[in-house]
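Scroll down for the structure; my scribbles are underneath it.
The values are calculated or read from the model by the stated rules, or taken from the named source; none is laboratory data. Bear in mind that the values here come from a model prediction, so they are computed numbers and not experimental data. Note that we place each Cβ from the backbone using ideal geometry, even for glycine, and neighbour counts take in every protein chain shown. All accessible areas refer to the heavy atoms of the entire protein, side chains included, with ligands and DNA or RNA removed. Shrake-Rupley method; radii C 1.70, N 1.55, O 1.52, S 1.80 Å.
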Amino acid sequence: MTKKVLITGGAGFIAHHIIYRILTTTDWEIVSLDRLDYSGNLNRLADMMQDVDPSQRRRLRVVWHDLKAEINSMIAANIGQVDYILHLAAGSHVDRSIEYPMEFVMDNVVGTVNLLQFARTQKNLNRFVYFSTDEVFGPAPQGVSYSERDRYNSTNPYSASKAAAEEMCVAYHNTYNLPIYITHTMNIFGERQNPEKYVPMTIKKIFEGETLNIHFDSKTGLIGSRSYLHAEDVADAMLFLLNLKEVTFPENHMGGKCPKFNISSDEEFDNLEIAHMIGEHMGVHPKYVMSDPNIERPGHDMRYLICGDYMRELGWKKKRSVRESMKSVVEHTVKHLKEQNQN
C-alpha cells in the first residue's frame, strides 16, 4: 500500500527539497500543510516541479492551514491518515524574534503542540520528525562541537522557541508513546533559498556590486563561522532516518528515550571564506567591510557547530562538498537574478 507523508511548511526552503527527493525516489503521496507566508511560496514549488516528471506531480497536494490554530475535523479529513509527519514549518528569523518574541512562541511552540495533537489521532503513524536547529545549543567556542544530548543555551527567542517545541515533542514521546525523532541541522543552503539568508544575500550583493557586511568579534578578531550543508543532503538524511529500522543510543544519551540526530557537515567556513568562494564562482572579487554584530545585532552568535558522529555511525554521510554545491547554487541564483533584471 502506498505510504502518505504530511510535510508542514512544504513551500518553505528545506521542505521543498525534501518534497523533490520524495517525488523522485519513492511512490509516496505527499500533503504539504502550509499557510504560505513570506517564507512559504508556491513559486518555489512550481520552479522545483519543472524538474519532476509530469506523471509524478499529482502525488503532491497543498492544504492551507495556519498551525497556530488546531487542526480541526475538516482539515484533518482533507489530510487523511498519514504514515509519516515531517514538521518543518517554523518562524526562523532571529532579528524578528527579538522584536516580536510572542509570534515565535505561537508559531513554533503552540504550532508544534497543535500538530502533536493531530499526530495522536493517526492510526498507523510510523514516524513524527521534528526539525530543530543547531542554535538551541547556543554559541560554540573554538574547538567545541555539540552532540545530540548536550545542554541547551538559547541566546534569542527564536532558538528558545525551537528548544521549547523540542521539549514538547519529548513529552509527547514519553507520555503518549508517539514515534518521534528530533533532528538538529546547521546552516543549510541551496537553490530557491529566502533572499534574506546569508548565501543568497551574498550572491545578490556581489551580483549588484554592493558592499558586504562581514561580522567579526572586535575583541578576538574572529570572524563569524558556520558549518554548511546543501539542502539536498538534508533531504537525503531525512529519507535515511525514515528508513532507519533500529536506533542504538550513543553512550552519552543521558537516559533520554526520544531519539535525537545531528544532521551535520564536517566543513566549517567563516563568512568571509564563503563570500570569497561565491565571488570565485562568479568571477568577481567581493567588496566588504568588517563589523561587530555584538554592537549592531544583539542575539547574534558568532559560531555554531554540532557533531555529526552519531549519524555517521548509523551509516549516513553527506554526498557533496560545500564548494561543489555552492557552484550550482551560484549558477542557479545568478540565472534568476538576470531573468529578473530582464523583466
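Considered as a group, the residues in the range 284-313 that are part of a loop (DSSP other than H, G, I, E, B), among the charged types (D, E, K, R) and surrounded by fewer than 19 Cβ atoms within 10 Å (Cβ to Cβ) include one that is modelled with the lowest pLDDT, and that residue is Arg297.
In the range 1-12, the qualifying residues are those that are surrounded by 24 or more Cβ atoms within 10 Å (Cβ to Cβ) and out of contact with any Asp or Glu (no Cβ under 8 Å at 6 or more places or on another chain), and the one that is farthest from His87 (Cα to Cα) is Leu6. Of the residues in the range 255-267, at least one is of a type outside the set (Phe, Trp, Tyr) and open to solvent by 70 Å² or more (accessible area, probe 1.4 Å). For the structure I just gave you, tell me whether His281 is of a type outside the set (Lys, Arg), at pLDDT 90 or above and assigned to a helix (DSSP H, G or I). Yes; evaluated as a whole, the condition is true for this residue.
Scanning the range 66-88 for residues that are open to solvent by 50 Å² or more (accessible area, probe 1.4 Å) and closer than 12 Å to Ala119 by Cβ yields one hit, Gln81. Restricting attention to the range 89-106, the residues that are open to solvent by less than 30 Å² (accessible area, probe 1.4 Å) and more than 24 Å from Ala237 (Cα to Cα) total 3.
Residue check: is Ser97 under 15 Å from Ala163 (Cβ atoms) and either part of a helix (DSSP H, G or I) or free of Cβ contacts under 8 Å to residues at least 12 places away in the same chain (or both)? So Ser97 passes the test. Among the residues of the range 27-52, write down those that are in contact (Cβ under 8 Å) with a residue 60 or more places away in the chain and of a type in the set (S, T, N, Q). Of everything in the range 27-52, just one residue is in contact (Cβ under 8 Å) with a residue 60 or more places away in the chain and of a type in the set (S, T, N, Q), namely Ser39.
Can we say Lys327 is of a type in the set (D, E, K, R) and at pLDDT 95 or above? Taking the combined requirement at face value, the residue satisfies it. Across the range 46-65, the number of residues qualifying as in contact with a helix residue (DSSP H, G or I) (Cβ under 9 Å, 6 or more places away or on another chain), among the aliphatic types (A, V, I, L, M), open to solvent by 10 Å² or more (accessible area, probe 1.4 Å) and in a helix (DSSP H, G or I) comes to 1.
Note on the range 268-280: among residues that are out of contact with any Ser or Thr (no Cβ under 9 Å at 6 or more places or on another chain) and more than 17 Å from Met290 (Cβ to Cβ), the one that is most open to solvent (accessible area, probe 1.4 Å) is Glu280.
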